[in-house]
Amino acid sequence: MKNQIITMKNFFFAFLFITSTVQAQQKIVGTLSPSEKQSTALLYRIVGAKQIYINNTNIENGSFVFNLKNDEKVGVYRVAYDTKENSFVDFFYNKEDIIFQFDPKNAEDTKTFSISEENKLYSKFIQAVSYIQFEIDSLQVNYLKNPDIKTAERYKTALGSINNVQKKYTEESQGKIVHEFIKATDRYNAPEIAKTPNEYLSGIKTHFFDNINFDNKIVFNSPFFVDRISDYVFYINYSDDQKVQNVLYKESTEKIIGKIDNPEFKKDVIEYLITQFMNLKNVDLVDFLFENQYNSLPYNSQNLDFKKEVLASLTVEVGRTAPDFSWKENGKTIKLSQLKDGENYILVFYSTTCSHCTVEIPKLYEFLKDKPTTKVIAFAMEEDDSLWNDFKSDLNGWHHILGLNKWKNETSKMYNIYSTPTYFMLNEDKKIIAKPNHIEDLVALFK
């Protein structure tokens, strides 16, 4: 009987241990200071260039609490607290409670952690290294403006300081997830102060990714990785000349993608870069990345819907051939692609019920009177032809098209027309060479 009691007792304690282990949770507690009108906090985990939704909770009296189960993945997490302003705060999670506060108007620069060894250590590191790096950058700029031996000596002293800080926190962070970020944040500073701007920039470009492990999952699944890519492509490699800029874009994107071996990482990075260039309306770079990088990925890892949506969004951007359509003119069917009566063309979408159009279209006609090599395709978006017939009679020599159903017209939709008048300038091959916003912009193109 005694043995049975001991056995039951052992079983009871074992059950309690297992139950408590299974149900173990970590708390994420955040406080907005000062508290504002935000009502909901949304928790995400960063995965590559994406954020994966985890949970949401109410913000009460300026604070929110998330309970994470013990099996929640280690990594970088994000709390969004103002979706209209796209406001969020990021932090590291490694199976520990986290308590912090921040100013909602400037979260990243004001967040402070009262509980969380990982985040407290990283915050101290960033504060220490940023202070010295600012001094190094200032000394470098001053030296380029006014070379001076004392400035060069101070540079070496500051360089020694930042190396000591880097070493100190690299050693202290052993065994923590922030260890990889502290190593990756080790920015290149030349051992000797740069004598020329070109020498300075060349050093940064050459060594920009020296300390970043492109195949490290923890670093990849963080804003850090995306920020470094953006800095290198869009800021470090910069030119005022668009043709030169596109060459730099191509070189820098190929360098980054060439460093990644993991197919899924590579896919995410390429999609991120394509999305950025899509937002910039840079058709050349989007096509370049699809043709030279994305299409070379294993077919089953390509997102065909993503590709279709991106290309569709750029159908009528500068650099694209204008989508073809046809119309009746003097009893004949005319196709845009087959027009050969001009050296360039103005395709304008307008409406006789649009007050701006009735002012600008006659101005356009007067301006082009002495420019016979420029032909106009005037696409009138109308509900009926009652006003159109009289309006077009004063615009002789143009190609006139009646587009019924106005905003629902298939050609209008194909050209993404949301307002009138909308102008497209085409060359003789019907390639879109400009999209002036107003008549004044169009006139400026000719000048």
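Yes/no per residue for (1) over 17 Å from F224 (Cβ atoms); (2) not polar (S, T, N, Q):
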position: V74; (1), (2): no, yes
position: N86; (1), (2): yes, no
position: D90; (1), (2): no, yes
position: N94; (1), (2): no, no
position: I98; (1), (2): yes, yes
position: Q101; (1), (2): yes, no
position: E108; (1), (2): no, yes
position: S114; (1), (2): yes, no
Which strands (runs of 3 or more DSSP E) does the range 304-368 wholly contain that include 3 or more residues that are crowded, with 16+ Cβ neighbours inside 10 Å? 344-350
Apart from one, (1) closer than 29 Å to E153 by Cα; (2) touching a residue at least 60 places away in the same chain (Cβ under 8 Å) all hold for Y188; the odd one out is (2)
Inspect all residues belonging to the range 98-114 and state whether any of them is closer than 25 Å to L42 by Cβ, more than 26 Å from the chain's Cα centre (by Cα), assigned by TED's automatic domain parsing to the domain that holds E36 and part of a loop (DSSP other than H, G, I, E, B). no
Here is a list: D240, D287, D305. Which entry is in contact with a Gly (Cβ under 9 Å, 6 or more places away or on another chain) and of a type outside the set (S, T, N, Q)? D287
Please identify the pairs in which a residue from the range 111-126 that is within 12 Å of D97 (Cβ to Cβ) and β-branched (V, I, T) has its Cβ atom under 7 Å from the Cβ atom of a residue that is buried (at least 16 other Cβ atoms within 10 Å of the Cβ) and modelled with pLDDT of 95 or more, counting only partners at least 6 apart or on another chain. I115/I98; I115/I99
Which residues, counting only those in the range 369-390, are over 38 Å from the mean Cα position of the chain (by Cα), surrounded by 20 or more Cβ atoms within 10 Å (Cβ to Cβ) and among the small types (G, A, S)? none
Considering only the range 176-221, state which residues are in a loop (DSSP other than H, G, I, E, B), charged (D, E, K, R) and modelled with pLDDT under 95. D186, R187, D210, D215
Within the set of pairs 6+ apart or on separate chains, which have a first residue in the range 148-163 that is acidic (D, E), a second that is surrounded by 18 or more Cβ atoms within 10 Å (Cβ to Cβ), and C-beta atoms under 6 Å apart? none
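The values are calculated or read from the model by the stated rules, or taken from the named source; none is laboratory data. Every value quoted in this text rests on a predicted model; they were computed, and no experiment measured them. Glycine also receives a Cβ, built like all others from the backbone with ideal geometry; neighbour counts cover every protein chain displayed.
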